[in-house]
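Report on one structure; see the data block that follows.
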Amino acid sequence: MSHEIHEQIEHAGHAAHDGSHLPQFIGITIAILGVLMALCSAQVGEARTELIATMVEENTAKAKFTAVSNKYRALQAQLQQLHAAMPNLEYLKKKNVELKVIDGEVKSPDVKNSIKATQASTDKILNTVIPTESDVKRFLGLIHHIREQNEAANEWAESFRSAVKVHDNTASRFEIAFLGAEIGIVIASVGLLLVKKAKFARGAWGMAIILGLGSMGVAIATKINNTHELHAAEEKISESEHHFTSLNRDKEDIAEDKVLEEEILGEFHELKKLLEGS
């Protein structure tokens with residue numbers, strides 16, 4: 001296309017020797033439209049490159065969201081299993097009332113001692129299946145934190161939509177501006193070839209100018225509007241990413257895990273002594 005534009009400008013210079021300045025004006029118009037085409041082409045390439053880069057970052061954020069979401073669902077499933085393994089409180093209350101009634105009706109000391117021994121054995125069994133309060137609180141705290149991470153990761157992944165839309169819109173509109181300038185060059189070139197028909201040449205030149213101004217208007221408006229929208233979209237991405245990153249507490253979790261491991265090891269030794277003593 002640049003070679004064709006150069007030939008048209010040379011043709012305009014030769015045609016100008018006829019005494020009319022119209023060929024020169026058409027040649028200048030072709031040159032300006034050629035520059036406009038080059039600028040629009042560069043903007044299209046830049047927008048497409050940024051679009052691909054943004055979509056890659058979006059996929060990274062979506063992968064983070066998927067990982068956190070899967071972790072959250074796994075913890076929710078474990079919580080449901082934990083709840084299912086816990087005894088029914090209403091049932092326990094009912095049985096405690098019944099045991100108190102039976103205990104009050106029994107007069108024999110031997111039977112009462114047998115009931116107490118049975119209750120003690122039952123308490124020991126329940127103690128092995130019911131989680132401790134500290135473990136439940138830590139587990140619920142972990143689920144609450146993962147839920148916050150899940151929401152933040154989803155917000156981060158969703159924040160890329162605006163930026164992707166802006167980049168795609170920028171490329172599309174600059175392509176329209178590029179096409180308008182290209183058509184303008186074609187029309188101006190036809191007018192230049194038929195410069196001896198002054199009326200037709202002026203009409204073609206006028207149409208080329210209108211197309212050039214329209215393309216320039218589209219390019220300028222797109223650059224101004226989309227630059228502002230892109231800035232807002234990138235700020236949203238940055239804020240949501242920072243929010244998600246700030247919720248990362250891997251170091252704290254590792255420290256808590258080490259404390260838990262030490263507690264389990266200590267309790268295991270104590271449990272071993274108790275079992276040996278029994």
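One line per residue, one yes/no per condition, for (1) touching a residue at least 60 places away in the same chain (Cβ under 8 Å); (2) under 22 Å from the mean Cα position of the chain (by Cα); (3) assigned by TED's automatic domain parsing to the domain that holds Arg48; (4) surrounded by fewer than 17 Cβ atoms within 10 Å (Cβ to Cβ):
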{"position": "Glu155", "(1), (2), (3), (4)": "yes, yes, yes, no"}
{"position": "Ser159", "(1), (2), (3), (4)": "yes, yes, yes, no"}
{"position": "His167", "(1), (2), (3), (4)": "yes, yes, yes, no"}
{"position": "Ser172", "(1), (2), (3), (4)": "no, no, yes, yes"}
{"position": "Leu194", "(1), (2), (3), (4)": "no, no, yes, yes"}
{"position": "Lys197", "(1), (2), (3), (4)": "no, no, yes, yes"}
{"position": "Trp205", "(1), (2), (3), (4)": "yes, no, yes, no"}
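Can you say whether Ile143 is surrounded by 11 or more Cβ atoms within 10 Å (Cβ to Cβ) and without any contact (Cβ under 8 Å) to a residue 60 or more places away in the chain, as far as the supplied structure shows?
No, not satisfied.
As an exercise: evaluate Val166 against (1) of a type in the set (A, V, I, L, M); (2) farther than 30 Å from Leu22 by Cα; (3) out of contact with any Asp or Glu (no Cβ under 6 Å at 6 or more places or on another chain) and give the number of the one condition it does not meet.
(3)
Given the condition in contact with a His (Cβ under 7 Å, 6 or more places away or on another chain) and either among the polar types (S, T, N, Q) or surrounded by 13 or more Cβ atoms within 10 Å (Cβ to Cβ) (or both), answer yes or no: does some residue in the range 232-243 qualify?
no
Filter the range 166-216 for residues that are of a type in the set (D, E, K, R), part of a helix (DSSP H, G or I) and farther than 14 Å from Gln24 by Cα and give the result.
Asp168, Arg173, Glu175, Glu182, Lys199
Specify which of the listed residues (Ile146, Ile102) is among the aliphatic types (A, V, I, L, M), under 30 Å from Ala53 (Cα atoms) and assigned to a helix (DSSP H, G or I).
Only one candidate passes the filter, namely Ile146.
Does Phe178 fit the bill of being modelled with pLDDT of 95 or more and out of contact with any Gly (no Cβ under 6 Å at 6 or more places or on another chain)?
Yes.
Could you tell me whether the range 86-102 includes any residue that is in contact (Cβ under 8 Å) with a residue 24 or more places away in the chain, of a type outside the set (D, E, K, R) and surrounded by 10 or more Cβ atoms within 10 Å (Cβ to Cβ)?
Yes - at least one qualifying residue is present in the range 86-102.
Pick from Ala67, Ala77: which is hydrophobic (A, V, I, L, M, F, W, C), assigned to a helix (DSSP H, G or I) and surrounded by fewer than 11 Cβ atoms within 10 Å (Cβ to Cβ)?
Answer to the selection: Ala77.
Which one of these is touching a residue at least 60 places away in the same chain (Cβ under 8 Å) and either closer than 30 Å to Ile146 by Cα or aromatic (Phe, Trp, Tyr) (or both): Thr66, Thr54, Thr60, Thr29?
The conditions single out Thr54.
Looking only at the range 183-209, filter to residues that are in contact with a helix residue (DSSP H, G or I) (Cβ under 8 Å, 6 or more places away or on another chain) and among the β-branched types (Val, Ile, Thr); which one of those is nearest to Arg173 (Cα to Cα)?
Ile183
Quick one: Lys94 ticks every box in (1) outside the structural domain of Ser189 (by TED's automatic domain parsing); (2) at pLDDT below 80; (3) of a type outside the set (A, V, I, L, M, F, W, C) except a single one, so which number is it?
If we test Lys94 against (1) outside the structural domain of Ser189 (by TED's automatic domain parsing); (2) at pLDDT below 80; (3) of a type outside the set (A, V, I, L, M, F, W, C), just (2) comes out false.
So which residues in the range 1-40 are surrounded by fewer than 18 Cβ atoms within 10 Å (Cβ to Cβ), at pLDDT 90 or above and within 14 Å of Val190 (Cβ to Cβ), if there are any at all?
Answer for the range 1-40, where residues must be surrounded by fewer than 18 Cβ atoms within 10 Å (Cβ to Cβ), at pLDDT 90 or above and within 14 Å of Val190 (Cβ to Cβ): there is none.
Quick one: is Asp110 assigned to a helix (DSSP H, G or I) and surrounded by fewer than 14 Cβ atoms within 10 Å (Cβ to Cβ)?
So Asp110 fits the description; yes.
The values are calculated or read from the model by the stated rules, or taken from the named source; none is laboratory data. Since we're looking at a predicted model, the values are computed, not measured. Counting neighbours? That spans all protein chains shown, and the Cβs are built from the backbone with ideal geometry, glycine included.
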